[in-house]
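Taking it in order: structure first as structure tokens, then the write-up.
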């Protein structure tokens, strides 16, 4: 816990069991197999100028949706490779709608970890299954999670679980030690609370992003490891240049006592309220 508060991140090996990882991977494979793409499928990118902001992306807050890699399609609009090798991630309500992810998220272990770092009123806000496809999985540009999941005061924490081993060749996480003490650079907002199509980045601070390997450290981890990421921590992952995939499951949580503004892109409908990580234990 001292390391988390000092560096803004901590790695906990052996957090998820082999059975946990196998169950979540099998569920993800089934979701992709069953996925029927829209006429204009959504591509995922963290790049500010190209961030998807269509209805499908915004509706994924309360759904299970597959997002393609940027380079998944050829010039004629057809997939350049099989569908199973073309998906960037699945999001963003796996933790509430898919049993394997729900069982892992609300088992009590994540709640205990959240409590240890001071997030005692943790609400599970969003979840993602990330593929990092072999030779293909795209870069995730350096960013702070609080940009996309803003609360007042800042409270978001990312819990990133390695379903497969991650290293510097297949796109492991990199983070800036102590970077969580820097300012929030920007906030990703809906154009208006009722606008289902428009989003933009509001720039708050011009501090340059750290770069690897000068300012960032690599976080290679074996399968089953948990990486806990402070919401203001700059972190990044490179393109997967290896013949191996780098699957991961990520859950972002916020404190129930903070304000979650209506300008955030991720808005759940009233009939699907956020749940505490420890709600099963409380019941």
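Quick notes on this one:
- Of all residues in the stretch 60-102, those being under 13 Å from residue 251 (Cα atoms) and out of contact with any strand residue (DSSP E or B) (no Cβ under 9 Å at 6 or more places or on another chain) number 1.
- The criterion of at least 1 residues that are over 30 Å from residue 135 (Cα atoms) is met by the following strands (runs of 3 or more DSSP E) wholly inside the stretch 182-271: 186-190, 199-203, 248-255.
- Failed item in (1) under 18 Å from the mean Cα position of the chain (by Cα); (2) closer than 27 Å to residue 191 by Cβ; (3) surrounded by fewer than 22 Cβ atoms within 10 Å (Cβ to Cβ), with residue 152 passing the rest: (1)
- Meets criteria (surrounded by 20 or more Cβ atoms within 10 Å (Cβ to Cβ), assigned to a helix (DSSP H, G or I) and at pLDDT below 95) for residue 57: yes
- Inclusion of residue 259 among residues that are under 29 Å from residue 98 (Cα atoms) and either modelled with pLDDT under 95 or surrounded by fewer than 17 Cβ atoms within 10 Å (Cβ to Cβ) (or both) is warranted.
- Scanning the stretch 161-181 for residues that are surrounded by fewer than 24 Cβ atoms within 10 Å (Cβ to Cβ) and part of a strand (DSSP E or B) yields a total of 1.
- Test for residue 74: is it crowded, with 18+ Cβ neighbours inside 10 Å and either modelled with pLDDT under 95 or within 16 Å of the chain's Cα centre (by Cα) (or both): no
The values are calculated or read from the model by the stated rules, or taken from the named source; none is laboratory data. All figures in this text were calculated on a predicted structure; none of them were measured in a lab. Cβ sites come from the backbone with ideal geometry, for glycine too, and all protein chains shown count toward neighbours.
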